[in-house]
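S.K.: Got a structure for you, questions after.
The values are calculated or read from the model by the stated rules, or taken from the named source; none is laboratory data. These numbers were taken from a predicted model, which means no experiment stands behind them. As a convention, Cβ positions derive from the backbone with ideal geometry for all residues, glycine included, and neighbour counts pool all protein chains shown. For the accessible areas, the whole protein counts, side chains as well, though only heavy atoms, and no ligand, DNA or RNA atoms are used. Shrake-Rupley method; radii C 1.70, N 1.55, O 1.52, S 1.80 Å.
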Amino acid sequence: LKPPKSSGRPWGYRILHAFTRGKSDGCKPLDGIVKDPSGTFYGTTQNGGTYYPNGGKVFALTPPAAGSKEWTESIVHSFLGGPTGSLIVGRDGVLYGTTNTGGGDGAEGSVFALTPPAKGQTSWTETTLYAFQGGADGNGPTAGLVKDAKGALYGTTYYGGTGTKCDGSQGCGTVFKLSPPARHQTAWTETILYTFTGAADGGNPWAGLALDKSGALYGTTVYGNPGGTAFKLSPPATGQTAWTLSTLHAFNGGQDGAYPYGTLIFDSEGNLYGTTLIGGSADYGTAFELSPPTTGQSNWTETILYEFLGGSDGVFPYGGLARDAAGNLFGTTSEGGANGVGTIYEITP
């Protein structure tokens, strides 16, 4: 998608690759794509690849060669368990991501790394950094990861944890940290930073996390309290080990919105932006802003920036938002629009 050169004209739209199913390609790319310094895009599909019709894959889209307009798609790696969430590109081009299932015998999802081919080689190397066992350590990550300056990875699991069972059989989800191996070691270490209870703190975090400069994590839960929450998870104080969760906002449904499935984003002033799947005056979803407390206050302030009405503007904004330097917000709806099957929209301040 390219912005128009003059106001009033439509955005330019071009298909870089059309997925065709099968072992040589894939289908159901449910998440976003990332770009490396060379301009190559990487993403995931829920199905397809070597283990079609199940499994899934990580793919690469390479820019056109000189004199050509055609992008080239290739399979980086095929999984038995479907990859979920967007990838992140680390140092030396290593890709990090999660799978919702698989990861080894009896595992309930995994965190993986994909290392680019060595010089003169063509095959990427997949390494399982951690395999979830479905108990206190979490179960079924549905989102991607964030990475801090020390190389630690942070993410969420939709199920698992200790205590309350949110759906009668599985835990309410976790926030986890994966620390890189110590010197001369090879194993990554998982630490559960927080286990959700499904009560005032919410339950079942579907989206990934946002990381601020202080090391605090921000995210959302889909259920609990009663229509999901936005939360902040603060690192331990000096001499302490426990992370502290603060509920920034509890979604109540109706005008307020409910079920925030998308990952939150920041602006330079520390405001958070996101979407709710339903809610607003027509109950077709909202885009919202959460502003930090002013001096002497403790509560964050929610502002509804837009209510989807179910017509040409779309229905059910399932994903999160992107923001440009001018403060415009961009996102997608899963239904609605002129053809009834979704929109790409812009919200202008």
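S.K.: Mind checking which lysines have their C-alpha under 17 Å from K23, skipping anything on the same chain fewer than 8 residues away?
M.R.: K57
S.K.: Could you give the length gained on full extension between Y13 and T295, defined as 0.36 nm per residue of separation minus the Cα-Cα distance, in nm?
M.R.: Separation in residues times 0.36 nm, less the Cα-Cα distance, equals 97.0 nm.
S.K.: What per residue convex hull volume, in Å³, do the alpha-carbon atoms of the chain yield?
M.R.: 168 Å³
S.K.: Let me ask something else about it. At a Cα cut-off below 20 Å, give the aspartates and glutamates reachable from K5, other chains included and same-chain residues fewer than 8 away excluded.
M.R.: Of all the aspartates and glutamates, those that pass the test against K5 - Cα under 20 Å, at least 8 places apart if same chain - are D324, E346.
S.K.: For the chain, just give the cysteines left without a disulfide-compatible partner, judged by no other Cys Cβ under 4.7 Å.
M.R.: C27
S.K.: Right, something else. Would you be so kind as to identify which of A18, T157, Q240 lies farthest towards the positive end of the dipole of the chain, taking Lys and Arg as +1 and Asp and Glu as -1 on Cβ and the Cα centre as origin?
M.R.: The Cα lying farthest towards the positive end belongs to A18.
S.K.: Grab the Cα-Cα distance for Q255 and T303, subtract it from 0.36 nm times how many residues apart they are, and report the gain in nm with one decimal.
M.R.: 16.2 nm
S.K.: In debye, nearest 20, what is the charge dipole magnitude of the chain about its Cα centre with +1 on Lys and Arg Cβ and -1 on Asp and Glu Cβ, if you could check?
M.R.: For the chain, the charge dipole is close to 960 debye.
S.K.: Taking Cα centroids, how far is segment 28-74 from segment 263-284 in Å?
M.R.: Computed from Cα coordinates, the inter-centre distance equals 29 Å.
S.K.: Follow-up. Share of segment 173-264's accessible area from carbon and sulfur, percent, 1.4 Å?
M.R.: For segment 173-264, the apolar C and S fraction of the accessible surface comes to 51 percent.
S.K.: Taking 8 Å as the Cα distance limit and 6 or more residues as the minimum spacing, I'd like the relative contact order of the chain as a percentage.
M.R.: Relative contact order comes out at 7 percent.
S.K.: Quick one: go through segment 190-215 and flag any residue whose amide nitrogen is under 14 Å from the point 7 Å out along the Cα-to-Cβ line of Q240.
M.R.: 194
S.K.: Please work out the average accessible area per residue across segment 180-336, using the 1.4 Å probe convention, and give it in Å².
M.R.: On a per-residue basis, segment 180-336 sits at 46 Å².
S.K.: Relative contact order for segment 46-190 using alpha-carbon pairs under 8 Å, separation at least 6, rounded to a whole percent?
M.R.: 14 percent
S.K.: Which order, highest average first, do 282-290, 264-272, 120-128 follow once you tally other Cβ atoms within 10 Å for each residue and take the mean per peptide?
M.R.: Put in order of decreasing packing, that is 282-290, 264-272, 120-128.
S.K.: Taking the Cα centre of segment 147-244 as the origin, how large is its charge dipole in debye, to the nearest 20, when only Lys and Arg (+1) and Asp and Glu (-1) carry charge on their Cβ atoms?
M.R.: About 280 debye.
S.K.: Please tell me which of these pairs span more than 18 angstrom C-alpha to C-alpha: K28/K147; K147/K177; K177/K232; K28/K177; K35/K232; K119/K147?
M.R.: With Cα atoms farther than 18 Å apart: K28/K147; K28/K177; K35/K232; K119/K147.
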